Amino acid sequence: MWFDDLKEYIQRQTEWMVHTDTPHEGYLQEGERESFLRKKLMLEERKANIVNNNVQARVLREQTIEKTKQIDYLVHYSYLIRQGFDFYIEEQLQERRATFIDDVMVSDEMITPEGKPSETVKIDREIDPAFNRKFEYNRLEAVKYAERWWNTFNPAYKAFDVDCTNYISQCLYAGGIPMTDHTIRTKGWWFRQNNWSFSWTVANAFRWHLSGSRSGLRAQEVSSAHQLMPGDVICYDFEGDGRWDHTTIVVGKDSVGEPLVNAHTTNSRMRYWGYEDSTAYTENIKYKFFRIVSSS
C-alpha cells in the first residue's frame with residue numbers, strides 16, 4: 001500500500017537526520033540536505049547535538065488520476081537536542097507532496113508557503129534485471145554456505161575487519177538471491193571485484209535495505225525470533241540508538257524452537273540468537289527479525 005511506502009520514506013529520512021553519515025541522504029532534497037548539514041555544524045559550534053528525532057505525519061489531501069496518486073501531507077519534526085547537561089526540543093512543521101504510481105512512491109517535494117512545489121526528490125527504484133526476475137530462495141544452500149564459511153573467508157570476496165554483514169550477504173546470494181546492481185554504493189545490493197554497495201557490507205544500511213527493497217533481496221519483518229526459519233536474518237542495535245550494528249543468519253533451532261545463528265566479526269556458529277553473552281550487549285538492545293522472501 002502507498003501508506004506503507006510513505007511511512008518507510010519518512011522513517012529513513014528521520015534516520016538520516018540523526019546519523020547523517022548513513023546512506024539515506026537521497027531521501028531529502030539537495031537544498032534541504034545542505035540546510036540540515038549547516039544546522040549540524042551550527043550545533044557543533046554551540047557544543048550541542050541532536051540525540052533523537054521524532055517525525056509525525058498527517059495526510060491533508062489525496063488525489064488519484066488513473067494509476068497516479070498525489071498525497072499532500074503535513075510533517076511535524078521534533079529534534080531532541082543536548083547541549084552540555086541540558087536538553088531541549090526544537091520543532092518544525094512542513095507541508096510536503098508525495099507522488100505514487102501503482103502505490104509505489106516515485107517522488108517527494110516540499111510545498112512552499114506560496115503553495116508551490118519546491119525542488120522534487122525523485123525516488124530511485126533500481127532499474128535492474130533482478131527487478132522483475134522470479135526466483136526461489138534456497139534456504140538450504142544459504143545455510144550450507146553459512147556453515148562452510150563461518151570460521152574463515154571466501155577468497156572470492158574481500159574480507160573486512162567488521163565482516164558480519166558481508167558474510168550474511170554472501171550467504172543470501174548463495175541461496176539464489178540476485179544482486180540489484182547499481183553504479184553507486186548507496187543504491188542496490190551488490191558486490192563486484194573491488195567495489196560493493198553499503199547494503200552489502202554495512203549492518204545499518206543492510207537493515208534499512210531489507211525494510212525498503214522491492215526487487216532482488218526482499219524481506220518480511222516478523223514480530224519474534226521464534227517465527228524465523230533457517231536462512232532468515234536478525235539485525236542488532238546493541239545500544240538501542242537507531243544505528244544497527246550487527247547481522248546474523250539463522251542456521252538452526254534449539255529444542256524449544258528458538259533460532260541458533262552463525263556470524264562473522266566474532267566468528268560464531270550455532271550461537272543463541274539473543275547475544276546476551278556478547279561484550280557489545282546492553283540492556284537497551286533492539287532486534288529486527290526478517291524472513292527472506294522469494295520473488296513470485
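Every number here is computed from the coordinates shown, using simple stated rules; none is lab data. Computed from a predicted model, the values in this text were never measured in an experiment. Cβ: placed from backbone, ideal geometry, glycine included. Neighbour counts: every protein chain shown.
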Would you work out which of Ala263, Gly175, Met110 lies farthest towards the positive end of the dipole of the chain, given +1 charges on the beta-carbon of Lys and Arg and -1 on that of Asp and Glu, about the Cα centre? Gly175
For Val59 and Glu136, what does the FRET efficiency come to when R0 = 51 Å and r is the distance between their Cβ atoms, rounded to the nearest 0.05? 0.85
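Do any of Lys187/Lys288; Lys40/Lys67; Lys47/Lys187; Lys158/Lys286; Lys39/Lys67 go past 31 Å between their Cα atoms, and which? Before the final figure, lay out each step's value.
Details: Lys187/Lys288 21 Å; Lys40/Lys67 39 Å; Lys47/Lys187 33 Å; Lys158/Lys286 29 Å; Lys39/Lys67 38 Å.
Beyond 31 Å: Lys40/Lys67; Lys47/Lys187; Lys39/Lys67.
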Sort largest first and round to whole Å: the equivalent ellipsoid semi-axes of the chain, each the square root of five times a Cα gyration tensor eigenvalue. 34, 24, 17
Report the residue, chosen from Tyr73, Tyr137, Tyr145, that carries the largest GNM mean-square fluctuation when the chain is represented by alpha-carbon nodes joined by springs under 10 Å. Tyr73
When only Cα pairs under 8 Å and 6 or more residues apart are kept, what is the percent relative contact order across the chain? 14
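Tally Lys and Arg at +1 and Asp and Glu at -1 over the other residues with C-beta under 14 Å from the C-beta of Trp196: what net charge comes out? Intermediate results must be reported in sequence, preceding the final value.
Values: positive: Lys158, Arg185, Lys187, Arg192; negative: Asp163, Asp181.
Neighbour charge sum, excluding Trp196 itself: +2.
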Quotient of C-alpha Rg and 2.2 N^0.38 Å, computed over region 129-292: 0.96
